[in-house]
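This report concerns only the one structure given below.
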Amino acid sequence: MTSAARLRTAALPALAAVLVSGVLAVQLANGGGRYSPLRPANSCLAAPVSSVSTGIDGLTEELVLTGLAAAACQIGVSREAFALQLAQPGTRTDAQINALRAGLLTAVDSLKAAGKLPRASQLAREAVDASNLSGLRKAAIRAIPDALIDKTLTTDDVLRRTINDLDLRALLANLSDRQKLTTQVDTAVTKAVMERLADDLH
Amino acid sequence: MRRAAAALLALTVGCVLADSAVVTLALPEILERLHTTVGQVAWVLIAFNLVLAVVARPAAWFYKGRDPAVLCAAGIAVFAGASALCAVAGSLDVLVAARSVQAVGGAFAVIGCLQLLVDELTERRGMAWWIAAGVFGTAVGPVAGGLLTDAFSWRSIFIVQVPIAVLAVPAALAKRRRSGQGLADETQEHLTQEHLTEERDAEERDTQEHHAPKHRVRIRPNIALALLSAALTAALFLFVLLLVDGWRRSPAVAAVTVSVIPLAALLARPLTRTLRSGPMAQTTSGCLLIAGGLTGLALLPSADLAWTIAPQALVGLGLGLTLDPLTLQAMDGRTPLFRHGGWTIAARHAGVVLGLAILTPVFTADLRSAQPPAEDAITALVLNAPLAPQDKITIARGLADQLKQDSGRVPDLDPAFQQLSVPAAEKPAVAQLERDLNLQLQRAATHAFRNAFLIGAALALVALLSLIPLRRGGVR
């Protein structure tokens, strides 16, 4: 075989190799091979959370997001995987409920440390307004001055009492019903406020 | 007139072989209209290829000692009738049965067309027309199917085949009048000296065929054809599935996108002429290009259609460089020709079935495994979205319902957002969330198809390896 013939024989495979290498190199240089879904963050590493809502709604959201991550960390899964577990229909296990409660309590500490908790009077008034208490009881609580509430109560204490008292299974079942969910949370907050005030009075 | 008849016969070959992948882009619509499952709808594709692979060789045996024009015309008529039945099928069972009958008719039509084209032209030119028509049909099938589905419906794919086949029946039978026992008067009048010479050549060929030793089938090119067809299934079947089901592109957009493959295949011939490459250089390069193109499809940097052009062009160029010379290698100088043509058809369609059998479970399993990471990514985006908590919960509920409804497929998230009522201030954030979620689904789908494309690339490399002994020993 002459050198010209050899060259002709090798030209097309060489061109093919160059084309393939070129295409693959450009693709890899532009992220080819790494185009896959986002990986969930490590639930044990604190990530900043925020909410577009204000008042109890905003606080609840930040508590839930931080609490979910803390609970997920405790049982060794991602925050997203734990949220999906809780969203599954059917009964939740005691382990899941206990982890969620512990996570929410941890979240209270985190938000307190970050200075994100509102004053107790703000929390109490909003909860009382939205609760299903009788008009007389609502008026009685509204009559208490903010300064006295803030002196008597601390927000983290009210939240801890609320979380410990909340029926989390019922809360998860009410997720799709805004009215029921709000009433359940506000009633629990109001109850915690009342109990704390009652403790102090005694 | 002879050219027109030859063109019609070649068009029939292209039509039958295009049917191998023509319905790929129509499968999602068939799935919806005939209320079936993903696993069952795949049989619209599998049944045709499987029956064609099984029947092609026995069909070639049938031609022995019989008038090819009659059998070919009968095959084309059966193909046309079955196409019409496919077009009006009201259930998946009827459609799959009609597709099987279509493949039986198609097998007889393709083998007969080879013989008639060789008789009509010369052996070399007839084979070249037949091979080119097959390559053209294979490459153009998904494009044509996608455009027809988008413009009309999946049924139109089969409707357009009927007139083509109906016109080809008299074209096939006309050949019978010329080469049969009694030639028609008007045909005799128009026979030129050239025709008479060709008639003598044909008679000599017939005589030689009766006395010539039957050549054994060439194993290596047929194996390479089967492996390459299996590999090309990844490009012609899985890639369009990724476009339509994974990236939610319309069949028309998908059809235009995959038109890169036939366009690149057209470049193969000028390229080989310019470089004056031999068959071995062509097939080696072609296998390498198909493997490289499929690897490129496995390593896409995003779901932007522009990124698919170069890998598809590699696959198309590879297709143009391999199918033609490999089919020629399997048939050239072999007698009886229709028997060896039958082997190439059987090898190619067995390869398609092999590809579907290997790749479908891989990508469906990968699609299932892609679901948890995709759900995690979707959950993270919903949890972090700048929306009111209750709106997040409503979106999450809608998404969960959609994921449940589209179980086993890449879900369509649009319905979850269409019914959502949010304040005007939140609408931009909702729109952004929808875009981000769809991006995650595209990422998950692209990732899920990766292994199947890589396996396709490996099949192309195995095809290349199967040709290496040929190089050492030379083409026999």
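I'd like to know if segment A:72-80 contains one or more residues that are within 15 Å of B:T379 (Cα to Cα), surrounded by 20 or more Cβ atoms within 10 Å (Cβ to Cβ) and of a type in the set (S, T, Y).
yes
Does at least one position in segment B:303-311 carry a residue that is under 25 Å from A:T9 (Cα atoms) and surrounded by 24 or more Cβ atoms within 10 Å (Cβ to Cβ)?
yes
Condition first: surrounded by fewer than 19 Cβ atoms within 10 Å (Cβ to Cβ), without any contact (Cβ under 8 Å) to a residue 24 or more places away in the chain and on the phi > 0 side of the Ramachandran plot. Can you find one or more residues in segment B:278-298 that meet it?
no
Could you run through segment B:415-441 and say how many residues are among the hydrophobic types (A, V, I, L, M, F, W, C), over 19 Å from B:R249 (Cα atoms) and surrounded by 14 or more Cβ atoms within 10 Å (Cβ to Cβ)?
5
Counting only residues that are under 16 Å from the mean Cα position of the chain (by Cα) and away from chain A (no Cβ under 11 Å), which one in segment B:302-321 is nearest to B:L464 (Cα to Cα)?
So, considering only residues that are under 16 Å from the mean Cα position of the chain (by Cα) and away from chain A (no Cβ under 11 Å), the one nearest to B:L464 (Cα to Cα) is B:L319.
Taking segment A:118-143, which residues are under 21 Å from A:D156 (Cα atoms) and basic (K, R)?
Matches in segment A:118-143: A:R119, A:R125, A:R142.
Kindly list the number of the only condition in (1) surrounded by 14 or more Cβ atoms within 10 Å (Cβ to Cβ); (2) touching a residue at least 24 places away in the same chain (Cβ under 8 Å) that fails for A:C44.
(1)
If you go through segment A:12-36 one residue at a time, how many are exposed (fewer than 14 other Cβ atoms within 10 Å of the Cβ) and more than 7 Å from every other protein chain (Cβ to nearest Cβ)?
6
For B:A445, are the conditions met, namely being more than 9 Å from every other protein chain (Cβ to nearest Cβ), part of a helix (DSSP H, G or I) and touching a Cys at 6+ places or on another chain (Cβ under 9 Å)?
no
Just to confirm my filter: which helices (runs of 4 or more DSSP H) fall fully inside segment A:110-202 and include at least 1 residues that are among the basic types (K, R), within 14 Å of chain B (Cβ to nearest Cβ) and within 25 Å of A:D94 (Cβ to Cβ)?
Answer list for segment A:110-202: A:178-201.
When A:S176 is evaluated against the numbered criteria (1) under 30 Å from A:E80 (Cα atoms); (2) surrounded by 17 or more Cβ atoms within 10 Å (Cβ to Cβ), which criterion, by number, is the only one it fails?
The single condition A:S176 does not satisfy is (2).
Would you tally the residues in segment B:282-301 being more than 17 Å from B:D332 (Cβ to Cβ) and facing another protein chain (nearest Cβ under 7 Å)?
10
In this structure, is B:H340 at pLDDT 85 or above, more than 14 Å from every other protein chain (Cβ to nearest Cβ) and closer than 19 Å to B:A234 by Cα?
Spelling it out, it is not the case that B:H340 is at pLDDT 85 or above, more than 14 Å from every other protein chain (Cβ to nearest Cβ) and closer than 19 Å to B:A234 by Cα.
Could you grab me the full set of residues in segment A:158-181 that are over 16 Å from the mean Cα position of the chain (by Cα), in contact (Cβ under 8 Å) with a residue 12 or more places away in the chain and under 19 Å from A:A124 (Cα atoms)?
Passing the criteria: A:V158, A:R160, A:R161, A:T162, A:N164, A:D165, A:L166.
If I ask for residues that are part of a helix (DSSP H, G or I), more than 18 Å from B:F449 (Cα to Cα) and of a type in the set (G, A, S), which ones from segment B:311-357 would you list?
Residues satisfying the conditions are B:A313, B:G316, B:G318, B:G320, B:A330, B:G341, B:G342, B:A346, B:A347, B:A350, B:G351.
Quickly run through segment B:256-281 and pick out the residues that are assigned to a helix (DSSP H, G or I) and either within 12 Å of chain A (Cβ to nearest Cβ) or modelled with pLDDT of 95 or more (or both).
Across segment B:256-281, the qualifying residues are B:A264, B:A268, B:L271, B:T272, B:R273, B:T274, B:L275, B:P279, B:M280, B:A281.
Take B:S421 and decide whether it is free of Cβ contacts under 8 Å to residues at least 24 places away in the same chain, at negative phi, small (G, A, S) and more than 12 Å from chain A (Cβ to nearest Cβ).
yes
Would you please name the residue that is farthest from the other protein chains (Cβ to nearest Cβ), looking only at residues in segment B:356-414 that are closer than 28 Å to A:S50 by Cα, buried (at least 21 other Cβ atoms within 10 Å of the Cβ) and among the β-branched types (V, I, T)?
B:I395
The values are calculated or read from the model by the stated rules, or taken from the named source; none is laboratory data. Since the structure is predicted, the reported quantities are computational estimates derived from the model, not experimental observations. In this analysis, Cβ positions are derived from the backbone assuming ideal geometry, glycine residues included, and neighbour counts consider all displayed protein chains.
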